[in-house]
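The values are calculated or read from the model by the stated rules, or taken from the named source; none is laboratory data. Values in this document were obtained by computation on a predicted structure and should not be read as measured data. Cβ: placed from backbone, ideal geometry, glycine included. Neighbour counts: every protein chain shown.
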Amino acid sequence: MGEVDFSLIEQGGPMMWVLLAVSLFGFIIFIERTLFLHRGQLRTGQFLEGIRNLVSRGRRLEALTLCEDMPGPIPGIVKAILLQAGASESKMRTVAEEAALVEIPILERRIGSIAAIARIAPLIGLLGTVLGMLQAFFGVPFSETVGYPTFGLLLGGIGQALLTTAFGLMIAIMAHIAHHFLHGRVRALVHDMEYTGHDLIQFMQQEQTDGGLPDEETQEPEADQ
């Protein structure tokens with residue numbers, strides 16, 4: 001099977017090798033981004049419940065340490081809000097938005113390259129087809145009887161040239177699917193970030209309204225009494 005594939009690539013001309021390199025580059029980016037986004041996913045409800053329990057018991061330092069140890073963008077949002085404990089709601093929302101401005105570009109990094117591959121691959125394939133057709137018309141040997149390229153020779157050359165267009169379109173389709181998949185994962189993470197930030201801010205504001213957030217430094221003396 002491998003020999004047949006390489007034979008087709010060789011028949012398609014030099015642009016087939018360019019398309020092969022482009023597809024390999026896109027595949028590597030897709031795998032890297034998929035693994036990165038997978039590591040950034042959390043069970044948001046459980047994580048947020050754990051943070052709320054720690055905060056309500058006055059163990060904000062432990063909550064901050066937990067955020068630093070967890071991967072992904074959501075702990076970064078939570079940490080930024082926890083560092084503003086006792087501040088106004090508008091201040092907490094501001095720092096959450098600033099943290100999101102840092103985290104979102106990290107999530108979207110290199111995904112645009114896959115979209116570019118989806119746009120460029122058909123053009124590379126078309127260029128390969130045009131070059132192949134030029135070679136079919138001007139590069140094939142002339143017939144000894146009629147003095148111009150025979151129909152069979154032209155048909156074979158055109159058929160080989162069309163391989164690059166087909167290959168380019170296949171790469172573009174796969175790149176579009178990959179880009180849509182990754183973009184959907186990013187949107188899901190951004191939604192979780194927004195939900196987590198809003199929920200935690202409301203919780204901390206409610207805690208302050210109910211009598212103030214318990215302080216970790218004052219919890220131990222009260223326990224000793």
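Could you please find all residues in region 88-105 being surrounded by fewer than 17 Cβ atoms within 10 Å (Cβ to Cβ) and free of Cβ contacts under 8 Å to residues at least 40 places away in the same chain?
Listed by number, the residues that qualify are S88, S90, K91, T94, E97, E98, L101, V102, P105.
Check whether at least one residue in region 136-150 is at pLDDT 90 or above and hydrophobic (A, V, I, L, M, F, W, C), and report yes or no.
no
Can you find even one residue in region 169-177 that is at pLDDT 65 or above, in a helix (DSSP H, G or I), over 30 Å from G112 (Cα atoms) and not basic (K, R)?
no
Any chance region 120-131 includes a residue that's within 21 Å of I31 (Cα to Cα) and at pLDDT 90 or above?
Yes.
Could you please find all residues in region 77-102 being at negative phi and not in a helix (DSSP H, G or I)? Spell out the reasoning first.
The initial filter retains those residues of region 77-102 that are at negative phi, namely 77-85, 87-102.
Matches in region 77-102: L83, Q84, A85, A87, S88.
Is it true that T44 is farther than 13 Å from I171 by Cα, at pLDDT 85 or above, out of contact with any strand residue (DSSP E or B) (no Cβ under 8 Å at 6 or more places or on another chain) and not hydrophobic (A, V, I, L, M, F, W, C)? Show your work before the answer.
On the way: farther than 13 Å from I171 by Cα: yes; at pLDDT 85 or above: no; out of contact with any strand residue (DSSP E or B) (no Cβ under 8 Å at 6 or more places or on another chain): yes; not hydrophobic (A, V, I, L, M, F, W, C): yes.
In short, no.
If we keep just the residues of region 56-84 that are crowded, with 17+ Cβ neighbours inside 10 Å and small (G, A, S), which is nearest to R187 (Cα to Cα)?
Among them, the one singled out is G72.
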